[in-house]
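The values are calculated or read from the model by the stated rules, or taken from the named source; none is laboratory data. Quick caveat: nothing in here was measured; it's all calculated off a predicted structure. Heads up, the Cβs are rebuilt from the backbone with ideal geometry, glycines too, and the neighbour counts pull from every protein chain shown. Protein only, heavy atoms only, side chains kept; ligands, DNA and RNA dropped before computing areas. Shrake-Rupley method; radii C 1.70, N 1.55, O 1.52, S 1.80 Å.
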Amino acid sequence: MRRALKISLVTVTGAALTLSASACGGKKADSGDGGDTKKTIKVGLAYDIGGRGDKSFNDAAYEGLQQAKKTLNVDVKDLEATKGESDNDKQQRLDLLASSGYNPVVAVGFAYAGPLGKVAAKYPNTKFAIVDDSSVKAANVTNLLFAANQGSYLVGAAAALKSKSGTVGFLGGVDTPLIKSFEAGYTAGAKKANPKIKVDVKYISRGTDFSGFSDPAKGKTIAEGQYDAGADVIYHAAGASGNGLFDAAIEKKKFAIGVDSDQYLTAKPAAQPYIVTSMLKRVDTAVFNFVEDASKGTTKAGEQTFDLKNDGIGYAVSNPEAIKDVQAKLDELKKQIIDGTITVPNS
């Protein structure tokens, strides 16, 4: 890791914004790129639905921001999304950050694609990144993408290997193409490990209703139904709603698999014995790398893909009692994906 710089930081929350930042040695702050002088850069980040505290996708982005605060010379502002908000709300959030001098700006989640396309055109000198979207094409936009289907394949294999009932579950937040890729990888991995396995697929919401990423109560109800129908391991790709899965796992005393972050580490103690593993999608690494590149003036537009080969995707081993008996098989499958022997479906 690059050597840490002294941090001078003011963090402001809320919609209104008035900030001033000073660089090391008393020099005036400068949000521009390049140059030999150490500069304070103003980093803006807009969360997806579920926001801080989802113990999953958004919290992973937050961790990347925290790493940047610890090791780079940055001044940050992060803004929450609101349930049921419009694209116009998202556009105003990005516009607020860019117009206030934040550069770079990170949009967390594919739901920002439309709004970002408009805002990036308005601020051509601001560097933007968007997580999980490749549709926004601009000279000042970096697309941070993840081969989540690969990690889902591995935890699908884990689920099938741990299952005693012959049925495993997939709990998706919203039936978007992105979450469908999690489902496809999970199902393929489960069937690779056990060709006779049954995969019970359920979604919390559909279409343009993104509440499925922020409804733990509904997530719990659906997971309970899957457990009652015979599944003894369930994997979620449902953001904050996945916390409901863990509550159901406690009550039913059956296994669950987390997503994005190592959810064993943030789960309540009663849930930890039931969390076999988590599919790791290192949004934290992607956010930090992008901010670091911006601090050096070396950002590149276009797609950056994080996968098993570059450790941008993985699976957690924090619960050794649950994962140790299948870990060797998962590592074998991981190697085969990396060397091209296994091609993981994306839909």
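Pick from Tyr264, Tyr123, Tyr274: which is most flexible by mean-square fluctuation in a GNM of the chain where alpha carbon atoms under 10 Å apart are linked?
Result for the chain, Cα springs under 10 Å: Tyr123 fluctuates most.
Looking at the square roots a ≥ b ≥ c of the eigenvalues of the Cα gyration tensor of region 261-347, which shape do they give, rounded for a/c under 1.5, prolate if a/b is larger than b/c, or oblate?
oblate
Which entries of Lys127/Lys334; Lys137/Lys220; Lys254/Lys309; Lys202/Lys334; Lys162/Lys268 show an alpha-carbon separation above 30 angstrom in the structure shown? Walk me through the numbers on the way to the answer.
Working: Lys127/Lys334 34 Å; Lys137/Lys220 38 Å; Lys254/Lys309 32 Å; Lys202/Lys334 26 Å; Lys162/Lys268 22 Å.
Distance filter (> 30 Å) returns Lys127/Lys334; Lys137/Lys220; Lys254/Lys309.
Using DSSP to call loops (not H, G, I, E or B), can you name the trypsin sites (Lys or Arg not before Pro) in region 104-185 whose Cβ has at most 15 other Cβ atoms within 10 angstrom?
For trypsin sites (Lys or Arg not before Pro) across region 104-185 that sit outside H, G, I, E and B with at most 15 neighbouring Cβ atoms in 10 Å, the list reads Lys137, Lys164.
How much net charge surrounds Leu280 when only the other residues with a Cβ under 11 Å from the Cβ of Leu280 are counted, with Lys and Arg +1 and Asp and Glu -1? Let's see the in-between values first.
Values: positive: Lys281, Arg282; negative: Asp260, Asp262, Asp284, Asp311.
Surrounding charge for Leu280 is -2.
Obtain the nm distance between the two label points defined at Ala270 and Gln327 by a simple spin-label model: each point lies 7 Å from its Cα along the Cα-to-C-beta direction.
Taking the two extended label points, one gets 2.9 nm.
Taking amide H positions as placed 1.01 Å from N in the peptide plane, with prolines and chain starts having none, which residues 5 or more places from Phe170, or on another chain, fall under 5 Å of its amide H?
Asp200, Val201, Lys202, Tyr235
So what is the diffusion coefficient of region 36-189 in µm² per second by Stokes-Einstein at 4 °C and 1.567 mPa s, using a Kirkwood Rh over Cα pairs?
76
Using Cα springs under 10 Å in a Gaussian network model of the chain, which residue among Thr221, Thr285, Thr40 shows the largest mean-square fluctuation?
Thr221
Ordering Arg282, Arg206, Arg52 from largest to smallest accessible area (1.4 angstrom probe), what's the sequence?
My answer, sorted largest first, is Arg206, Arg52, Arg282.
Around Leu79, which amide H atoms from residues at least 5 apart in sequence, or from another chain, sit under 5 Å from its own amide H, with H modelled in the peptide plane?
Residues meeting the criterion, in which the H sits 1.01 Å from N, are Leu45, Ala46, Tyr47.
Where only protein heavy atoms count, and the probe is 1.4 Å, what is the accessible area per residue for region 214-347 in Å²?
Value returned for region 214-347: 41 Å² of accessible area per residue.
What list of ³J(HN,Hα) couplings, whole Hz, do you get for region 173-185 from phi and the Karplus terms 6.51, -1.76, 1.60, once you set θ to phi - 60° and write x for glycine and proline?
Ordered by residue, 3J(HN,Hα) equals x, 9, 7, 7, x, 4, 5, 4, 5, 4, 4, 4, x Hz.
Using a 1.4 Å probe on the protein heavy atoms, what percent of the accessible area of region 273-347 belongs to carbon and sulfur?
Numbers: 1650 of 3520 Å².
It is 47 percent, rounded to a whole number.
Working only with C-alpha atoms, what are the Rg and Dmax values of region 223-286, expressed in angstrom?
So, for region 223-286, Rg and Dmax equal 11.4, 38 Å respectively.
Give me a comma-separated list of calculated 3J(HN,Hα) values for region 141-157, in order, Karplus coefficients 6.51, -1.76, 1.60 applied at θ = phi - 60°, integers in Hz, x for any Gly or Pro.
Karplus values, whole Hz, x for Gly and Pro: 10, 10, 9, 9, 10, 9, 7, 5, 5, 5, x, 5, 4, 5, 6, x, 4.
With θ taken as phi - 60° and the coefficients 6.51, -1.76 and 1.60, list the Karplus ³J(HN,Hα) couplings across region 317-330 in order, rounded to whole Hz; mark glycine and proline as x.
My calculation for region 317-330 gives 10, 6, 10, x, 5, 8, 9, 4, 6, 10, 4, 4, 5, 5 Hz in order.
Based on Cα positions only, what radius of gyration and what Dmax would you give for region 122-264, in angstroms?
Calculated on Cα positions, Rg and Dmax stand at 16.4, 56 Å.
Starting from the Cα of Ser165, step 7 Å along the direction of its Cβ; do the same at Asp209; then give the gap between the two resulting points in nm.
2.5
With springs only between Cα atoms under 10 Å apart, run a GNM on the chain and tell me which of Asn88, Asn125, Asn194 wobbles the most.
Looking only at Asn88, Asn125, Asn194, the largest GNM fluctuation is found for Asn88.
Amide H of Val259: which non-local residues (sequence gap of 5 or more, or other chain) have their own amide H closer than 5 Å, using H built in the peptide plane?
Amide H neighbours of Val259, under 5 Å, 5+ apart: Met279.
Taking only protein heavy atoms into account and a 1.4 Å probe, give the accessible area per residue of region 85-192 in Å².
Roughly 30 Å² per residue, with all protein chains present.
Rg and Dmax of the chain over Cα atoms: what are they, in angstrom?
When restricted to Cα atoms, the chain yields Rg and Dmax of 20.4, 66 Å.
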